1. Picking from Gly314, Gly336, Gly27, which is most flexible by a Gaussian network model of the chain using Cα springs under 10 Å?
2. Show me, bin by bin at 10 Å from 0, the whole-percent P(r) of the stretch 147-253 based on Cα pairs.
3. To the nearest 500 deg cm²/dmol, what mean residue ellipticity at 222 nm is calculated for the chain from DSSP H runs of n ≥ 4 alone, each contributing -39,500 (n - 2.57), summed and divided by the residues?
4. For the chain, with all protein chains present and a 1.4 Å probe, just round the carbon and sulfur fraction of the accessible area to a whole percent.
5. In nm, give the distance between the simple-model label positions of Ser268 and Lys175, each being 7 Å from the Cα along the Cα-to-Cβ direction.
6. Using 20 Å bins from zero, what percent of all Cα-Cα pairs in the chain falls into each bin?
7. Limiting things to C-alpha atoms, what are the Rg and the maximum Cα-Cα separation (Dmax) for the stretch 1-90, in angstroms?
8. When the Karplus curve 6.51 cos²θ - 1.76 cosθ + 1.60 is applied with θ = phi - 60°, which whole-Hz ³J(HN,Hα) does each residue of the stretch 230-242 get, with x for Gly and Pro?
Amino acid sequence: MEAENLRELPLKSLHESAGAKFGGFAGWNMPITYPLGVMKEHLHTREKAGLFDISHMQLFELTGVNADTALAATCPVDPALISVGESKYTLLLNDQAGIIDDLIVTRYAADSWIIVANASRAAVDEAQISSIVVKHGCKLAALDRVFLAVQGPTAVAAAKAAGIDGSDLTFMHSKEQHGLIITRSGYTGEDGLEIAVEPKDADALAAKLLAQPDVEWIGLAARDSLRLEAGLCLYGNDMDETSDPVAASLLWAIPKSVRAAGIFNGASAFRTHLERGSSRKRVGLKPEGRMPVRNGAVVTDAAGNEVGVIKSGGFGPSVNHPVAMGYVEKSALDSGAALFADVRGNKIPVTVAALPFTPHRYVKG
């Protein structure tokens, strides 16, 4: 996409002042790195507190007296199991159970839900969700918010010192405070908060967070290496409409009761996938040596037969070795066959690795 067609973040001037280098991502002109550089930004987040501008992601509010029924018809969740202020990771499926997007849904009130969608899928999600919820007399509205995330072992304490107290929350729980929507969650595997703020208040909020000695701006490149080490999927890489929850190893996100009896869109096709199983599976992969294996690299067996493909790959600064995720044929996984990734004609041995590569450090109740 041409640079002039990219959307700009509301806090662009702050990022420019901080020395950010920008690049296109999902239709937005995003800060990719800052003067610290990718490696130090990554490690700073693991050791202290990183501040991420994630305003490219879209927040929606679902409202109506039948909001619970509308959400259950949209996603494979059981709203009755989700209390006010509780968030859940879920999926938006097409009629064939292909993954349109992965979402975070939060019960905001008895008849109101906040939905967080990925930037690249926001328009598609809005059309899909609206087409379902309108049948239940409900409304989906896009919210105009600046969205920030502060992540790392000192993130919650730093935010509290800046006047944003999320210390009473546990992982995947939220509250409203002084007009902010604060959720204890993130995309790095670390403890931290995601904060939705009115645009008029965003500059001041970012300044308060950056005034804390542990807090540094972190760019999109380090966000990617952090989430990959944490074994977290990136839409468009690790899942898309050609992958279903079974193949994508995301069954954990769908409650067993919903698998059996849920009314969500794509339920019938999903149950067929569940019954038949999948011929391929998303797995963690550890390349041998120091050379990263990138998205698109073909995975073969010892005889050179293609048995999979890398979907996300790079170097993991915290674990100090290359890390990757990809889809591998179940027959190759079950046989324990030796696997190799093709990197510019070089056959790099890769082994199946447990996810995440680095332990999650969420604060759970």
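The values are calculated or read from the model by the stated rules, or taken from the named source; none is laboratory data. What you are looking at is a predicted structure, and each value in this text was computed from that prediction instead of being measured. When we count neighbours, we look across all protein chains shown, and the Cβ atoms used for this are built from the backbone with ideal geometry, even at glycine. Ligands, DNA and RNA are stripped out before the accessible areas are found, and what is left, the full protein with its side chains, is counted by its heavy atoms. Shrake-Rupley method; radii C 1.70, N 1.55, O 1.52, S 1.80 Å.
1. Checking each option, the largest mean-square fluctuation is seen for Gly336.
2. 14, 41, 30, 14, 2
3. For the chain, the value works out to -6500 deg cm²/dmol.
4. 52
5. 4.6
6. Pairs per bin, as whole percents: 29, 59, 13, 0.
7. Considering the stretch 1-90 through its Cα atoms, Rg and Dmax are 18.4, 49 Å.
8. Calculated HN-Hα couplings, in order: 7, x, 9, 6, 10, 5, x, 9, 8, 7, 6, 6, 8 Hz.
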